[in-house]
Amino acid sequence: MTLDLTRLSARIDDLARGSDSPTESFSDLADAFDAIDAYDLTGRIKEARTTWLLAQPGHVFQGALSAPASPAEYSVVASDGSFILPDRHSPARFFIINIGKVVLRYGSDPHAEITADPEIYFREHELYVPNEVKRIPVSGTLLGFKRAAEELTAVAEVAADQPGPVIGLQDGTLILWGLETFPQPVVTWILEAYLGALDALQERGIPIASYISSPASSDVMNSVRVSVCDYPLNGRPVDCRDCHQRALQEGHIPACDFIPDVTDRVLFEQIVDLRPGERSQVFASRSEILKRYTAQHHIHFFYMHSGTEIARVEVPHWVAQDAAKLDLVHAAIYDQCANGRGYPTALQEAHEVAAIRPHERRAVEMLVEEALARHGHDYRRSAKDESKRGRFV
């Protein structure tokens, strides 16, 4: 039986019709943004009690900075990864991580190196998180964390062999958000490798950055809300929960009520009006997981107009505090986006070489079946899986 598209089509039309909302007025938001005092806001954020993630500003909150000229000679080292999850329906337990690595050299001796290193993990100590108390299998989200650590390790290793200046580039975030909910053995296991790669890059003076296309973050917008808050009375800090309880009990209207519920991307596109190549000021993330990072690797970020979109670029603290390294990141990423029609070329290539296609997954499965057969093992998948593969009704 196939998906009933006829039934869905009318509902999809309703969905599209509901998306035709009138253009929202941002004049109040623009006034609030322009009125922000970075020093005052820093003090408010330090004591604020909110359920929102806030962006810590630097000395300046507003303003746009143009992209510096790209160096005549520079290299970009990027990586990306994909994996094959352990299959509980298979008699053989294993997982595969494929890391794509790209080096693009620009200047008098331009060249490209594109490789991929697939690795299969099947030994007992590879399938579980090191932990003497409880066996924690490496699967699902944990495998995503392991892949992220291996991607960053690959950049650190490859970048060490490149002539300068060189920049390391990752797709997605440098903030391992999901680790916040995992027990300490998992956090230690992942961060040991992840922060080790950041240490290696810092020691070699190689700036690392991550690029987030079409970001959905609202850290800066949340800080704008804190900036207009009128709750603090007699020196009391911003307290969103108490403020909203008063709103329910006393009819009090929070001062931030007029701030539209939009993402940072809309703020920098509509209000700041970043032009191609321009970036925002640098902000510091206040994510809880960063308390587990070492101080020099706390993550900062800025927003940049890539030429086609507003993207979020993340860098560790030691890059954010070094003007030359920050300029190199800004210039190189914009140059990469210009070459890649709005998205960094190196990341495009790393994704292509890292991706594991469906036919490749099936080929791996067949190789495992054949190997087990050669060694006298009966390859039987679960009854449920077999029923999906061979329908008989």
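The values are calculated or read from the model by the stated rules, or taken from the named source; none is laboratory data. None of these values were measured; they are calculated from a predicted model. Here the Cβ is made from the backbone with ideal geometry for all residues, glycine too, and neighbour counts use every protein chain on show. Surface accessibility is based on the protein's heavy atoms, side chains included, excluding ligands, DNA and RNA. Shrake-Rupley method; radii C 1.70, N 1.55, O 1.52, S 1.80 Å.
Quick notes
- When semi-axes √(5λ) of the Cα gyration tensor in Å is calculated for this entry, the matching label among (i) 40, 29, 23; (ii) 54, 30, 21; (iii) 40, 26, 17 is (i).
- Ranking THR2, THR115, THR153 by solvent-accessible area of protein heavy atoms (1.4 Å probe, all protein chains present), from largest to smallest, gives THR2, THR115, THR153.
- Net +/- balance of residues flanking VAL329 in space, Cβ distance below 12 Å, scoring K and R +1, D and E -1: -2
- The slack in the chain from ALA30 to SER214, taken as 0.36 nm per residue of separation less the alpha-carbon distance, amounts to 64.1 nm.
- When the residues TRP189, TRP177, TRP318 are ordered by accessible surface, computed with a 1.4 Å probe over the protein chains alone, the sequence from largest down reads TRP177, TRP189, TRP318.
- When nucleic acids and ligands are ignored and a 1.4 Å probe is applied, ASP117 ends up with an accessible area of around 80 Å².
- 5 angstrom amide H check on GLY307, placed H, neighbours 5+ away: GLY277
- Dipole magnitude for the chain: about 1360 debye, using +1 per Lys or Arg Cβ and -1 per Asp or Glu Cβ, origin at the Cα centre.
- Among GLN56, GLN202, GLN184, the residue with the largest mean-square fluctuation in a Gaussian network model of the chain, with springs joining Cα atoms closer than 10 Å, is GLN184.
- Subtracting the Cα-Cα distance of ASP273 and ALA92 from 0.36 nm times their residue separation leaves 59.7 nm of extension gain.
- Angle between the chain longest axis and helix 5-18 axis [Cα atoms, degrees, rounded to 10]: 20 degrees
- Here the relative contact order of the chain, from alpha carbon pairs under 8 Å that lie six or more residues apart, stands at 23 percent.
- Only protein heavy atoms count here; under a 1.4 Å probe, THR181 has an accessible surface of about 120 Å².
- Å² per residue, accessible surface of the stretch 97-203 at 1.4 Å: 48 Å²
- Overall form of the stretch 1-115 per C-alpha gyration tensor (a/c, 1.5; a/b vs b/c): oblate
- For the residues ALA156, ALA331, ALA255, a GNM of the chain with alpha-carbon springs under 10 Å puts the largest fluctuation on ALA255.
- Solvent exposure ordering (accessible area, 1.4 Å, most first) of ASP242, ASP171: ASP171, ASP242
- R0 of 25 Å, Cβ-Cβ distance MET366-THR115: FRET efficiency to nearest 0.05: 0.55
- Residue with peak Gaussian network fluctuation, the chain [Cα springs, cutoff 10 Å], from ILE167, ILE299, ILE36: ILE36
- FRET efficiency estimate (nearest 0.05) - Cβ-Cβ, GLU192 to GLU73, R0 22 angstrom: 0.05
- Translational diffusion of the stretch 94-250 was estimated from the Stokes-Einstein equation, with Rh taken as the Kirkwood radius over Cα pairs; at 4 °C and 1.567 mPa s the coefficient is 67 µm²/s.
- Sulfur and carbon atoms: percent of accessible area, the stretch 39-182 [1.4 Å]: 53 percent
- In this label model, HIS125 and THR181 are separated by 3.1 nm, measuring between points 7 Å along each Cα→Cβ vector.
- Between the helical axis of 345-354 and the longest alpha-carbon principal axis of the chain there is an angle of about 30 degrees.
- The solvent-accessible area of ARG93, taken with every protein chain present and a 1.4 Å probe, is close to 90 Å².
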